[in-house]
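Below: one structure, written as structure tokens.
Computed from the coordinates by the stated procedures, all read-outs in this text should not be read as laboratory data. On a predicted model such as this, the values are computed, not experimentally measured, just so you know. Using ideal geometry, Cβ is built from the backbone for each residue, glycine included, and neighbour counts are taken over all protein chains shown.
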């Protein structure tokens, strides 16, 4: 009896070991053959690493004949949106890229999509919002009523520009407006280049307003109206795979510890943990 118990424990240990090791190499799905790759970009755009990694993966795989970038995002930070934009452009230089807009693909969500070969939006998609915003809070009046005072030692006149502890001066406003204007010009140029539009035409559309998908189609900001599946079928056709292609959804490689600790909730826990990002406290960084 003891021998049988020891043998059973030995087998369980071996199975557990190889299951653990397999976590380093296994994927949820193995897709072989020519196919369309799908990258999902959702929520606030605060970092670009995962999206860029996914796009690089599909760009370097010769069996991936086209890529769908599914965007459901109201926008976010400037630099991460630019990094994803640049990688979408690199992929589109080698193979078709179809941007598929969900409920919202505005501001930075629209920016990163403009180099795509084709943009497909639902008629009710909220898109556009071509512009840049930088917001500040001022607590000086409140602190004055409470009897608090703030003293600042700084290396230069503008080091505390945007501080909530003092009123913004006209010089502060001029500096900040210069940053916003330069970023706005970058946005407009990216849209003009990506959509093949004259810069003056983009400027007519770029007053920060949002458009429905149907309005965006009339304005030339998107190419077609349709669903996510319409976008996948279009990507298959553009990639020479027909209108019902095999599809591979990119997923980041899972480690072993998170699945062991959280099971099916590992992805949600990891995603929640990744949202904690520190920015300078004195003002909100410009976003689109």
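Determine the gain in length on full extension of the stretch residue 94-residue 143; use 0.36 nm per residue of separation and subtract their C-alpha separation, reporting nm with one decimal.
11.9 nm
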Projected area, mean over directions - region 30-274, Cα convex hull, nm²: 17.9
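Order by neighbour count: 148, 136, fewest other Cβ atoms within 10 Å first, most last. Could the numbers behind the result be given before it?
Details: 148 11, 136 15.
Lowest to highest Cβ neighbour count: 148, 136.
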Between region 39-89 and region 222-241, the alpha-carbon center distance in angstrom: 17
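In what sequence do 67, 202 fall when counting other Cβ within 10 Å, fewest first?
Working: 67 30, 202 23.
Placing the least packed residue first, the sequence is 202, 67.
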Residue 57 paired with residue 34, simple spin-label distance in nm, labels 7 Å along Cα-to-beta-carbon: 2.3
Residue order, fewest to most beta carbons within 10 Å, for 150, 163, 212: 150, 212, 163
Separation in nanometres of the label points that stand 7 Å from Cα toward Cβ, at residue 44 and residue 251: 2.7
